[in-house]
Amino acid sequence: MSAKIVLATSNKGKVVEIKNMMNGYEVINYTDIIPPFHIEEDGDTFKQNAIIKAKAVFEALGDNEAIVLSDDSGICVDVLGGTPGIYSARYAGVGAGDKENLQKLVESIKEVGFETSSAHYTAAIAIATKDGIFTVHGHMYGTAITTPRGDKGFGYDPMFIPEGFENTLGELDDEIKNKISHRGRALENAKAVLDVLL
Ligand code: ITT
């Protein structure tokens, strides 16, 4: 199948992963078509924020035939009551990078007296088309640790060990992450939607 999907993201890690997982589709990022612009993610859930991003880019493209796919995701740590959740990208403050966010999460877990915690990642994917907006989700459960290892993946990956593994996502190969990840699972569901739409 060949159909052009426009990604609505400014996160390079997401672009790499989604492109790798979308064999058979032509995938480009919206910043390859129009200049990047700020999108206020003021929803209360991953799903709401994914819809906000997909809609904003669909409207900005001004192309009724466009199929726009967004991803809103994050990590929820149980000993921290599920935070940072939807605030994962700005946990150490607006404009903070992956390293600062990871360091802050390590410190927060230690501050409440733990070395590790059960945790999970969530990804909500929204697909915006002229026929409406469709959303799907994917999850990955595991353990957040306070001794990060590895430099693969992005974001919080060096401090997350998926259930059934001993290595962090920072140590595991991309192909393994993509098979088991929240994003990989959400994308499988997204493909089922796309196959109906296209
Ligand atoms: P866009 O909104 O432009 O897509 P973003 O990075 O701001 O980019 P989100 O608001 O969805 O995206 O925040 C997601 C954050 O959650 C991301 O910056 C990471 O800190 C974390 N995250 C999500 N998926 C991850 C993954 O697979 N591995 C590691 N960290 C992840």
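The values are calculated or read from the model by the stated rules, or taken from the named source; none is laboratory data. Since we're looking at a predicted model, the values are computed, not measured. All Cβ positions, even for glycine, are placed from backbone atoms using ideal geometry, and neighbour counts span all protein chains on display.
Take the residues in the range 159-178 that are within 15 Å of CYS76 (Cα to Cα) and surrounded by 15 or more Cβ atoms within 10 Å (Cβ to Cβ), then tell me which one is farthest from the ligand (Cβ to nearest atom). It comes out as ILE161. Restricting the first member to the range 43-69 and to residues that are touching a residue at least 24 places away in the same chain (Cβ under 8 Å), and the second to residues that are of a type in the set (Asp, Glu) and surrounded by 20 or more Cβ atoms within 10 Å (Cβ to Cβ), the beta-carbon pairs closer than 7 Å and six or more apart or on different chains are PHE46/ASP72; ASN49/ASP72; ALA50/ASP71; ALA50/ASP72; LYS53/ASP72. If you go through the range 121-143 and keep only what is within 11 Å of the ligand (Cβ to nearest atom) and under 24 Å from ALA92 (Cβ atoms), you end up with TYR121, THR122, ALA123, ALA124, MET140.
If you go through the range 18-30 and keep only what is within 17 Å of ASP72 (Cα to Cα) and either among the polar types (S, T, N, Q) or in contact with a strand residue (DSSP E or B) (Cβ under 9 Å, 6 or more places away or on another chain) (or both), you end up with ILE18, LYS19, ASN29, TYR30. Taking the conditions (1) in a loop (DSSP other than H, G, I, E, B); (2) within 16 Å of the ligand (Cβ to nearest atom); (3) within 14 Å of MET159 (Cβ to Cβ) in turn, PHE114 satisfies each one other than (2). The condition of being basic (Lys, Arg), buried (at least 21 other Cβ atoms within 10 Å of the Cβ) and within 16 Å of the chain's Cα centre (by Cα) holds for LYS53.
Checked against the criterion of being out of contact with any strand residue (DSSP E or B) (no Cβ under 9 Å at 6 or more places or on another chain), at pLDDT below 95 and more than 10 Å from the ligand (Cβ to nearest atom), the candidates GLY81, GLY95 yield just one match: GLY95.
Which of the residues that make up the range 79-129 are surrounded by 13 or more Cβ atoms within 10 Å (Cβ to Cβ), free of Cβ contacts under 8 Å to residues at least 12 places away in the same chain and among the aliphatic types (A, V, I, L, M)? Result: ALA96, single match.
For every residue, the table says whether it meets (1) within 10 Å of the ligand (Cβ to nearest atom); (2) within 27 Å of HIS120 (Cβ to Cβ).
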position	(1), (2)
LYS4	no, no
THR9	yes, yes
LYS12	yes, yes
VAL16	no, yes
LYS19	no, yes
MET22	no, yes
THR45	no, yes
ASN49	yes, yes
LEU61	no, no
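For the range 142-155, the condition of being crowded, with 20+ Cβ neighbours inside 10 Å, of a type in the set (Phe, Trp, Tyr) and in contact (Cβ under 8 Å) with a residue 40 or more places away in the chain holds for none of the residues.
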